[in-house]
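Novice: Submitted below is the structure of interest, expressed as structure tokens.
The values are calculated or read from the model by the stated rules, or taken from the named source; none is laboratory data. Keep in mind that this is a model prediction, so the values were computed, not measured. Counting neighbours? That spans all protein chains shown, and the Cβs are built from the backbone with ideal geometry, glycine included.
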Amino acid sequence: MTRRTGGEAELISAALEGHQNTELYFGASTRLSIRAFHGEVASFSLAETAGVSSRVVLNERVGSAYSERVTPEELGRVVAEARRNAVYPAPDVGNRLREEPGVDAFDAGAEDFAGVAVSRKREIALAIERRALSSDKRIVNVPYASYGDVTGRSVLGNTFGVLQEYTYRYCYAFVEVMASEGDETEVGIETVVARSFDEIDAESIASSAVERALARLGSIEPASGRYRIVFDEEAASDLFGAFVAGAGSPFYGENIQKGRSRLDAKVGAKIGSPLFNLVDEPSAGLTPRRFDDEGVPTSTLAFVAEGVFASVIHNIYSAARSGAESTGHGRRGGYRGTVATALHNPCLTNGAETPDALLRKMGSGLLVTEIEGLHAGLNPVSGDFSLSAVGFMVENGERTRPIRNMVVAGNFYELVERIVGKANDRREITRRRFSSPSILIDDLSVSGS
């Protein structure tokens with residue numbers, strides 16, 4: 001949906017007049033969060049932020065400045081401060097702005113949640129808690145039951161003729177439940193995100209979390225050894241996302257240039273199984289995009305095709321340092337943030353099998369449904385990982401006893417060579433930074449009892 005919005009574009013255009021090699025970026029967000037606890041609204045938060053930043057490039061030196069006030073006078077001051085700051089850094093050929101003009105306004109098309117009554121939003125959180133507590137006597141607590149929605153908007157303009165506006169929205173619900181039986185207590189979690197309020201169904205969200213918690217009662221520790229393993233779509237999404245879509249991604253040009261990637265000079269080389277297909281689809285997902293945060297148009301990019309490393313991911317900075325073109329992956333962390341590299345809607349492509357068929361293909365092994373410790377248990381440079389996990393034993397293709405207190409360990413580059421199956425259950429709408437179907441790995445180390 002194309003739509004011209006707000007007055008910030010006009011302010012930015014006016015502030016850029018008479019300048020060269022200058023950029024202004026406006027960013028604003030509104031975040032609502034409602035949490036229910038013990039049948040009441042325990043917290044209600046509505047946070048709004050807005051501000052503007054400027055980058056000025058002079059003789060391959062870049063200066064920046066920002067402000068939380070968005071007025072003609074303040075925009076002029078921010079540009080002047082950025083220009084003064086541009087005399088200090090060392091020159092770097094990567095310091096460039098988008099030099100091709102482009103005028104666009106893109107509204108990602110989701111529902112405007114400001115039009116939904118707050119009472120309906122409160123009821124979602126309360127209903128999730130109420131449904132979870134009443135579903136089974138073994139559910140003893142619901143520590144978190146919440147609803148939230150987010151609206152974000154940005155405007156980017158520069159003196160080369162870029163003027164682009166972007167708006168996105170989404171809503172979400174989250175619940176954590178605790179199930180107890182005898183001396184054992186287990187936790188079940190469910191998160192659902194949507195682009196429409198009516199897609200948030202309190203009963204199904206609560207039921208899913210309850211089912212997960214109850215299914216984990218009676219967990220045992222598996223024996224240590226090497227197993228065939230299926231990572232379900234959530235566990236696979238988290239594991240792959242930590243390596244592929246995190247700040248340390250080996251596919252990012254800046255990490256390759258800094259010696260932080262094992263993929264240097266491997267474009268065109270085989271790095272994984274023929275089932276290892278990585279695609280970024282900016283026009284799909286939770287927050288579709290038509291251009292990145294530097295004004296570069298986005299497009300679908302298959303950066304690993306049938307196990308072959310096909311393309312480095314670039315923003316303008318890393319592309320200029322490589323003599324390449326940006327792939328449209330410049331990203332800011334808000335109006336104060338510097339430009340980094342980030343994928344928009346990356347995924348491991350779907351397979352043809354159902355999740356049940358994937359378990360039957362495995363025969364006997366382990367089904368991993370949750371992994372923990374991603375912040376500390378992996379090394380994005382070497383690819384090594386050692387992560388706590390929970391899941392189920394699988395015997396003759398059927399899920400049996402729940403398992404806990406195990407650690408799965410290996411190396412990402414070896415893992416992707418051992419993908420021997422994948423299901424067709426990838427979630428297209430998710431808050432995760434990466435989405436994957438369930439995958440079958442033919443051999444992985446597990447530490448248990």
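Novice: Please go through the stretch 265-277 and give me each residue that is crowded, with 16+ Cβ neighbours inside 10 Å and out of contact with any Ser or Thr (no Cβ under 8 Å at 6 or more places or on another chain), ordered by number.
Specialist: Within the stretch 265-277, I271, G272, S273, L275, F276 qualify.
Novice: Select from the stretch 245-265 the residues that are of a type in the set (A, V, I, L, M), part of a loop (DSSP other than H, G, I, E, B) and closer than 16 Å to G323 by Cα and list them in ascending order.
Specialist: A265, the sole residue that qualifies.
Novice: Under 6 Å between Cβ atoms, at least 6 apart or on separate chains: pull out the pairs that start in the stretch 374-390 with a residue that is farther than 9 Å from F412 by Cα and end on any residue that is assigned to a loop (DSSP other than H, G, I, E, B).
Specialist: V381/R260; S386/G377; L387/G373; L387/G377; S388/G373
Novice: If you don't mind, there's one more thing I want to ask. Picking from L58, L46, L32, L75, which residue would you name as being surrounded by 14 or more Cβ atoms within 10 Å (Cβ to Cβ), closer than 30 Å to A284 by Cβ and among the aliphatic types (A, V, I, L, M)?
Specialist: From the options L58, L46, L32, L75, the qualifying one is L32.
Conditions (1) in a helix (DSSP H, G or I); (2) surrounded by fewer than 20 Cβ atoms within 10 Å (Cβ to Cβ); (3) outside the structural domain of V368 (by TED's automatic domain parsing), marked per residue:
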position: Y166; (1), (2), (3): no, no, yes
position: R169; (1), (2), (3): no, no, yes
position: F174; (1), (2), (3): no, no, yes
position: V177; (1), (2), (3): no, no, yes
position: V187; (1), (2), (3): no, yes, yes
position: T191; (1), (2), (3): no, yes, yes
position: E203; (1), (2), (3): yes, yes, yes
position: A209; (1), (2), (3): yes, no, yes
position: A223; (1), (2), (3): no, yes, no
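Novice: Right, here's the next one. Give me the residue from the stretch 143-164 that is of a type in the set (G, A, S) and in contact with a helix residue (DSSP H, G or I) (Cβ under 7 Å, 6 or more places away or on another chain) and, out of that set, surrounded by the most Cβ atoms within 10 Å (Cβ to Cβ).
Specialist: Looking at residues that are of a type in the set (G, A, S) and in contact with a helix residue (DSSP H, G or I) (Cβ under 7 Å, 6 or more places away or on another chain), I get A145.
Residue-by-condition table, conditions (1) in contact with a helix residue (DSSP H, G or I) (Cβ under 9 Å, 6 or more places away or on another chain); (2) outside any strand (DSSP E or B); (3) surrounded by 22 or more Cβ atoms within 10 Å (Cβ to Cβ):
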position: S311; (1), (2), (3): no, yes, no
position: A320; (1), (2), (3): no, yes, no
position: A324; (1), (2), (3): yes, yes, no
position: G328; (1), (2), (3): no, yes, yes
position: G334; (1), (2), (3): no, yes, no
position: G337; (1), (2), (3): no, yes, no
position: A340; (1), (2), (3): yes, no, no
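Novice: Here is a further query. Mind telling me which of the residues A114, A86, A82, A90 ends up being out of contact with any Asp or Glu (no Cβ under 7 Å at 6 or more places or on another chain), under 30 Å from I34 (Cβ atoms) and of a type in the set (A, V, I, L, M, F, W, C)?
Specialist: Details: A86 fails: under 30 Å from I34 (Cβ atoms); A82 fails: under 30 Å from I34 (Cβ atoms); A90 fails: under 30 Å from I34 (Cβ atoms).
Only one candidate passes the filter, namely A114.
Novice: Moving on. Within the stretch 423-447, track down each residue that is farther than 22 Å from A342 by Cβ and part of a strand (DSSP E or B).
Specialist: A423, I439, L440, I441, D442, D443, L444, S445, V446, S447
Novice: Run A236 past the list (1) part of a loop (DSSP other than H, G, I, E, B); (2) closer than 22 Å to L387 by Cα; (3) in contact with a Ser or Thr (Cβ under 6 Å, 6 or more places away or on another chain) and report the number of the one that doesn't hold.
Specialist: Exception for A236: condition (1).
Novice: If we scan the stretch 102-120, do we find a residue that is in a helix (DSSP H, G or I), free of Cβ contacts under 8 Å to residues at least 60 places away in the same chain, surrounded by 17 or more Cβ atoms within 10 Å (Cβ to Cβ) and not charged (D, E, K, R)?
Specialist: Checked against the condition, which is being in a helix (DSSP H, G or I), free of Cβ contacts under 8 Å to residues at least 60 places away in the same chain, surrounded by 17 or more Cβ atoms within 10 Å (Cβ to Cβ) and not charged (D, E, K, R), the stretch 102-120 yields no hits at all.
Novice: Just checking, does the stretch 276-283 include any residue being of a type in the set (F, W, Y) and either without any contact (Cβ under 8 Å) to a residue 60 or more places away in the chain or under 30 Å from V103 (Cα atoms) (or both)?
Specialist: Keep residues of the stretch 276-283 that are of a type in the set (F, W, Y), which gives 276.
Remaining after also requiring either without any contact (Cβ under 8 Å) to a residue 60 or more places away in the chain or under 30 Å from V103 (Cα atoms) (or both): none.
No, the conditions are met nowhere in the stretch 276-283.
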